[in-house]
Amino acid sequence: QVQVVESGGGLVQAGGSLRLSCAASGTIFSINAMGWYRQAPGKQRDLVALITSSRSTNYGDSVKGRFTISRDNAKNTVYLQMNSLKPEDTAVYYCNVIVRRIFSTNEDEYWGQGTQVTVSS
């Protein structure tokens, strides 16, 4: 099995910064894309940022220029550096990884349990 664990959420004032981390572990052969999504109360889950195995990145329009995604392949970990935070960034942030497991020819998608980010005005 594969486990995905996020950390780094919390409460911050508007204009502040937070760094989220997400580590994948288990029977992993390789990891393709790694990404962050967020869901505010009463809203759908939206893409925040995505990074591929070749380190190509894609960002949601609302976070471009403020958030930076990166990954450490040796640690199977993805990071999200969030700067200039706004109250509208408040949400539960979920990590998503696309994994090829050992002895498998398929890629499967795994989600973390989510970490709360709250930005006060």
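Observations on the model:
- Each label was represented as a point 7 Å from its Cα along the Cα-to-Cβ direction; for Gln81 and Ile28 these points are 2.1 nm apart.
- Solvent-accessible area per residue in the chain equals 53 Å², computed with a 1.4 angstrom probe and all protein chains kept.
- Per-pair calculated FRET efficiency, R0 = 25 Å: Ser56 and Gln113 via Cβ, rounded to 0.05: 0.40
- Heavy-atom surface analysis with a 1.4 Å probe gives the chain a carbon and sulfur content of 47 percent of its accessible area.
- Relative contact order for the chain: 36 percent, from Cα pairs under 8 Å spaced at least 6 residues apart, divided by residue count.
- Qualifying lysines (Cα of each under 23 Å from Cα of Lys86; at least 8 residues distant if same chain): Lys43, Lys64
The values are calculated or read from the model by the stated rules, or taken from the named source; none is laboratory data. As the structure is a computational prediction, the values presented were derived from the model and not from experiment. Counting neighbours? That spans all protein chains shown, and the Cβs are built from the backbone with ideal geometry, glycine included. Ligands, DNA and RNA are excluded from the accessible area calculation, which covers all protein heavy atoms including side chains. Shrake-Rupley method; radii C 1.70, N 1.55, O 1.52, S 1.80 Å.
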